[in-house]
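Here is the structure we will look at.
The values are calculated or read from the model by the stated rules, or taken from the named source; none is laboratory data. Quick caveat: nothing in here was measured; it's all calculated off a predicted structure. Cβ sites come from the backbone with ideal geometry, for glycine too, and all protein chains shown count toward neighbours. Only protein heavy atoms, including side chains, enter the accessible area calculation; ligands, DNA and RNA are left aside. Shrake-Rupley method; radii C 1.70, N 1.55, O 1.52, S 1.80 Å.
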Amino acid sequence: MIAKLEHARQLGYCARGMRRWFEGRERSWAEFVEHGVPARWLRESGDALAKRVAEQAEQVAAEERHR
């Protein structure tokens, strides 16, 4: 499952804060913007806001499967 910028935007997250969050992490802001990152990786970060992005990506995917 890939979490993308669009999932974070759906939650109302701002780009500036998200960009800062990616600083010093193994995955980059550019990667997130261009391709997305694994939802599992966000969840494993332990950060509550990152977990919400992972959950949003999973919820959107589930809704698309049920269409």
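Annotation: for a label point projected 7 angstrom from Cα along Cα→Cβ of MET1, residues of segment 27-57 with backbone N closer than 14 Å are 37-45, 50-57. Note: relative contact order over the chain, using C-alpha pairs below 8 Å and six or more positions apart, is 43 percent.
What you get for the chain, charging only the Cβ of Lys and Arg (+1) and of Asp and Glu (-1), is a dipole of about 140 debye around the Cα centre. Go ahead and estimate [θ] at 222 nm for the chain from helices alone: -39,500 (n - 2.57) per DSSP H run with n ≥ 4, summed, over the residue count, rounded to 500. Value at 222 nm, helices only, nearest 500: -18500 deg cm²/dmol. With all protein chains in place and a 1.4 Å probe, the accessible surface of segment 9-67 carries 45 percent carbon and sulfur. Of the peptides 9-21, 42-54, 26-38, the ranking by mean beta-carbon count within 10 Å, highest at the top, reads 42-54, 26-38, 9-21. The residue list GLY36, ALA8, GLN59 was ranked by how far each Cα lies along the charge dipole of the chain toward its positive end, using unit charges on Cβ atoms, and ALA8 comes out on top. Fraction of C-alpha pairs exceeding 20 angstrom in the chain: 18 percent, rounded to a whole number. Looking at the chain, the accessible area is 68 square angstrom per residue; that uses a 1.4 Å probe and ignores ligands, DNA and RNA.
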